[in-house]
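Following: one structure in structure tokens, then a few remarks.
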Amino acid sequence: MIQGPAAAAPMLGLLLCLLLLAAAARDDGEVCADSECLPEGDEAGLLQAVGRSERQRTRVDVDGAAGGEQQFPLEFQYFVGADTGGVFRVQITASIDGLSYHLLLDTGSSTIGLCNGTTDANDTFVPPSVPMPDGTPTGDAIAVMYGGCPGAHGWWGDGYTGTLTVGKVSTPTGYAVMQQKTGLRGNQCGLPLDGSLGAERLQGIFGFAGTKGNGPWCPGATYTIDEIVNCSTAPCSVTPTPETAPFQSILTASGSDAFSISWSGMFGAGSGTLYTADASRLRLAQVSQTAGVRVQMTWEETYYMITPTGYALYTGPDFQELVTGSVAAPKCAGECIVDTGSPQTNIPPATFEALVAHFNVSDAPARITIELVGVDGSPVQLNLLVPSWMGDPNYLNAVFVASDAGMISLANWLWYEEAHFDVANGEVVFVPRDNITEFLDELRGQVESA
């Protein structure tokens, strides 16, 4: 459960005092005494003291919160692999039983699956770069499928238990070692090729979603690739074994079910940060009353579900010309989620086709507007500026995909630098970037220099 304001207040007051020395300094240069700091739990006072604006936000330094156990480095990457021309992804490093693994951070799944080797562009097997952990076999197996059927990609693996460590936080966990897989060279298990930027070889996937999405773990089961591709795996013949989702155990150990994912806009080491608990609350306090787009989130211990209600494409001066009207996303039965494991943001086929047609005849930028249900039930919008150079298929296909699934993917971090997930209060807050045109141009320069 989230630490309430009363529980966190003493530490929060002290942190705010230390973090805002300049704002709290007296005229004679003395800093405030503890009793003169912001009142305990006064997050509104924090906002006023920091003096944020949408164009120039001052970040609270939360380094060292809870001994560093609420702040974890991430690596955002541009990955070119054997099966993809280039996609964005985000990596988290975790260890299992003392062995360190680079894993895809995926808010759209709930399981840790280790690749156990991969194949290169010539389909030659490449052994794992890190040995598999020496965990305790559970006798269970899991089949994980992604995408539509038929034609799904996925894997199946045997279950083990061990100790998961992220930063300084350790917890018992279940995980799987993949026995067979298909279609995973584009993100989870592939080898980075020329043109990649900041990308390392990943050793698996770390699902950040809920416990009810982790499974079923079937005792004594085995599967085949054909069953995965055709989504025809048989149900468990006995009652499945329940397994707590690994990331939910990390959140519990950190003291909260709130977390934030932030991207600096660079690639490679130190380019992103995961915040949990009080560290996440501090950052959320900076934006919740100002620049953040607050979206209603449904949480049933499965996925971080949202409700898109329409899409539109605008062009012309100040984006006043409506090219294609609102199109509802009709497939929200568990698919309208925030999913960092999927590189491209879903937009309806009609919107995607209209965007392609626009850039076939114009060099003017466009804007895609995604309307969603806000935290108070009223409509809110995510606005995605699409510069003319992004009309190039190499870029367009790295960022968008024509689909009715209504998924907000990792590509959304191009326009919104942070997402704050507040499970207890049922919202996800997207924080827009400043100077988006300049940022996107700089990003293009980074990718083209790779």
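Readers should treat all values here as calculations from the given coordinates under stated rules, not as data from a laboratory. Given the structure is predicted, the values throughout are model-derived calculations rather than measurements. No Cβ is skipped: glycine too gets one built from the backbone with ideal geometry, and neighbour counts run over all protein chains shown.
In summary, the convex hull built on the alpha carbon positions of region 269-448 has an orientation-averaged projected area of 10.8 nm². Report the residues of region 72-100 in range of a label on S264: point 7 Å along Cα→C-beta, backbone N strictly under 13 Å from it. Once the point is set 7 Å along Cα→Cβ of S264, 73-77 turn out to lie under 13 Å by backbone N, inside region 72-100.
In region 74-253 the Cα-Cα distances spread across 10 Å bins starting at 0 as 10, 39, 37, 13, 1 percent of all pairs. For region 372-444 and region 87-115, compute the distance between their C-alpha centroids and round to whole Å. Result: 23 Å between the Cα centres. Under the convention that each Lys and Arg Cβ holds +1 and each Asp and Glu Cβ holds -1, the size of the dipole of region 269-448 around its Cα centre is about 120 debye. For the peptides 376-382, 209-215, residues were scored by their other Cβ atoms within 10 Å and the scores averaged per peptide; the highest-first order is 209-215, 376-382.
Net charge dipole, region 74-253: roughly 340 debye, given to the nearest 20, about the Cα centre with Cβ charges of +1 for Lys and Arg and -1 for Asp and Glu.
Starting from the Cα-Cα distance between D134 and A350, subtract it from 0.36 nm times their residue separation and give me the gain in nm to one decimal. Walk me through the numbers on the way to the answer.
On the way: separation 216, 0.36 × 216 = 77.76 nm, distance 4.99 nm.
Answer, rounded to one decimal: 72.8 nm.
Over all pairs of distinct alpha carbons, what does the Kirkwood formula give as the hydrodynamic radius of region 367-450, in Å? Write down the numbers at each step before the final one.
Details: mean 1/r = 0.0696 Å⁻¹.
Roughly 14.4 Å, rounded to one decimal.
Residues D158, D140, arranged from fewest to most other Cβ atoms within 10 angstrom of their Cβ, appear as D158, D140.
Indicate the gyration tensor shape class of region 403-442 (rounded, prolate or oblate), computed on the Cα atoms with a ≥ b ≥ c the square roots of the eigenvalues: a/c under 1.5 is rounded; otherwise a/b larger than b/c is prolate and the rest oblate. Provide the component values of the computation, followed by the final result.
Details: a/c = 3.74, a/b = 1.46, b/c = 2.56.
Cα axes put region 403-442 in the oblate bin.
Summing Lys and Arg as +1 and Asp and Glu as -1 over all other residues whose Cβ lies under 11 Å from the Cβ of Y311 gives a net charge of -2.
Ranked highest first by average number of other Cβ atoms within 10 Å, how do 362-373, 121-132, 271-282 line up?
Numbers: 362-373: 18.3, 121-132: 11.8, 271-282: 24.2.
Descending mean neighbour count gives 271-282, 362-373, 121-132.
The calculated FRET efficiency for the pair E301 and N230, based on their C-beta separation and a Förster distance of 30 Å, comes to about 0.60. Couplings 3J(HN,Hα) for region 75-92, derived from phi with the Karplus relation 6.51 cos²θ - 1.76 cosθ + 1.60 (θ = phi - 60°), are 10, 8, 9, 10, 10, 10, x, 5, 10, 8, x, x, 9, 8, 8, 10, 10, 10 Hz, where x marks Gly and Pro.
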